[in-house]
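Report on the following structure.
The values are calculated or read from the model by the stated rules, or taken from the named source; none is laboratory data. Owing to the predicted nature of the structure, the values given are computational and were not obtained by experimental measurement. Glycine gets a Cβ as well: all are built from the backbone with ideal geometry, and neighbour counts include every protein chain shown. The accessibility values were calculated without ligands, DNA or RNA, using every heavy atom of the protein model including side chains. Shrake-Rupley method; radii C 1.70, N 1.55, O 1.52, S 1.80 Å.
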Amino acid sequence: MALALEEAQRAAERGEVPVGAVIVAPDGTVAARNGNRTRELCDPTAHAEILVIREACRAIGSERLTGFSLYVTLEPCPMCATAISFARIRRLYYGASDPKGGGVEFGPRIFTQPTCHHTPEIYGGIAEKEAAQLLKAFFEARRNGD
């Protein structure tokens, strides 16, 4: 999760919502790491999770990341949760919960839907305080015009 927090910090420095993600291969190597880039790429789908899923899939030459783990600093939104399911990611570790925009613990709870094809093992609250503090500081600065 430390690497995901680094990516979240980098995203904040770029003016993006500070969310970072890392995908780890079954052998423990980092397959991909990135932070949000929606503003930079003018792409509403350029969430950290989507970017690392795309990169890891390209690297292994498959649309499936069976056995891979995803670490992300914020509970994935419904779009990202669906992508996680489609990629067949084995384990999802996330930091802060997202009562407003989440899709795992809150919101539509994608992995509990009958239309969900794959449910990863889910571990929430990993480095939750650090992840939440990054988000809080980012949005406070935005409200204060910093």
Next on the checklist: Just checking, does the range 3-20 include any residue being in contact with an Asp or Glu (Cβ under 8 Å, 6 or more places away or on another chain) and part of a strand (DSSP E or B)?
Outcome noted: yes
Checklist outcome for this item: Of the residues in the range 30-60, those that are open to solvent by 70 Å² or more (accessible area, probe 1.4 Å) and either closer than 19 Å to ALA131 by Cα or among the hydroxyl-bearing types (Ser, Thr, Tyr) (or both) number 1
Next on the checklist: I'm trying to understand the selection: among the residues of the range 61-76, which are free of Cβ contacts under 8 Å to residues at least 60 places away in the same chain and crowded, with 23+ Cβ neighbours inside 10 Å?
Outcome noted: LEU65, PHE68, LEU70, GLU75, PRO76
Checklist entry - What number of residues within the range 8-17 are over 19 Å from CYS42 (Cβ atoms) and crowded, with 24+ Cβ neighbours inside 10 Å? => result 1
Item to check | Filtered residues of the range 77-96 (kept if within 25 Å of GLU16 (Cα to Cα), assigned to a strand (DSSP E or B) and open to solvent by 30 Å² or more (accessible area, probe 1.4 Å)) | outcome: TYR93
Checklist outcome for this item: Inside the range 117-146, the number of residues satisfying the requirement of being open to solvent by 40 Å² or more (accessible area, probe 1.4 Å), assigned to a loop (DSSP other than H, G, I, E, B) and either in contact (Cβ under 8 Å) with a residue 40 or more places away in the chain or among the basic types (Lys, Arg) (or both) is 2
